[in-house]
Amino acid sequence: MMAYLGVDPGREKIGWVLADSDGRLICSGILPVRHRQELQRAVRQGNWRRLAPFLAEGGAPEEKECGITCIVVGDGTGSAAIQVLFAGDRRVQTVPEGYSTLEARSLYWRYHPPRGIRRLIPRSLCVPPRPIDDFAALYLVRRHLAMQP
């Protein structure tokens, strides 16, 4: 299976996602910036189990199951450090990050609909119970796919 790696870089943490060619989430996670080398090693070795401690959604695919077609990186804060990490890799594509946090919140609630009394609160007022940088990375992959001819 060919997949897209989405990366939402930041000052303190990096959201990442593996998504299929339809933009569906395979697995995702959030790792501290100090561990960004683990992301690079996972891509180079095709060993997604390296990122298991940082998983937030899904399970790491088997190495032979998943090859990266494109690495989609947001152009905001921390983008330069990620681009240096993958310097020389022709698969890297930069995508505008505008409104990615709002879209990430919306994606989070689609994957995890509120339950109980929280269903009555408008989703725009609900704050996800965890960081959603991985869903921002998913949005970046979907934005990239939508921009393709």
Practice task
Can you grab the distance from the C-alpha centre of segment 1-72 to the C-alpha centre of segment 107-149, Å, no decimals?
Solution key: 18 Å
Exercise for the section: Measure off, as a whole percent, the carbon and sulfur share of the 1.4 Å-probe accessible area of the chain, all protein chains present. Expected result: 51 percent
Problem - Pairwise FRET efficiency - ARG130 versus ASN47, Cβ, R0 = 35 Å, nearest 0.05 - result: 0.90
Problem - Signed unit charges on C-beta, dipole axis of segment 71-149, positive-most listed residue PRO129, LEU145, ALA80 - result: PRO129
Exercise for the section: Round to the nearest 10 and give me the degree value, 0 to 90, for the angle of helix 36-45's Cα axis relative to the longest principal axis of the chain. Expected result: 60 degrees
Completion exercise
Taking 0.36 nm per residue of separation between ALA146 and THR101 and subtracting their Cα-Cα distance, the length gained on full extension comes to 14.4 nm
Exercise for the section: Return the calculated 222 nm mean residue ellipticity for the chain, to the nearest 500 deg cm²/dmol, obtained by summing -39500 (n - 2.57) across DSSP H runs with n ≥ 4 and dividing by the residue count. Expected result: -9000 deg cm²/dmol
Exercise for the section: Can you sort ARG130, ARG123 by 1.4 Å-probe accessible area, starting with the largest? Expected result: ARG123, ARG130
Exercise for the section: Would you work out the charge dipole size for segment 41-149 about its Cα centre, treating the Cβ of every Lys and Arg as +1 and the Cβ of every Asp and Glu as -1, and quote it to the nearest 20 debye? Expected result: 340 debye
Exercise for the section: Just flag the trypsin sites (Lys or Arg not before Pro) in segment 74-112 sitting in loop per DSSP whose Cβ has no more than 15 other Cβ atoms within 10 Å. Expected result: ARG90, ARG91
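The values are calculated or read from the model by the stated rules, or taken from the named source; none is laboratory data. Values in this document were obtained by computation on a predicted structure and should not be read as measured data. All Cβ positions, glycine included, derive from the backbone under ideal geometry; neighbour counts span all protein chains shown. To get the accessible areas, we keep the full protein, side chains included, count just its heavy atoms, and leave off ligands, DNA and RNA. Shrake-Rupley method; radii C 1.70, N 1.55, O 1.52, S 1.80 Å.
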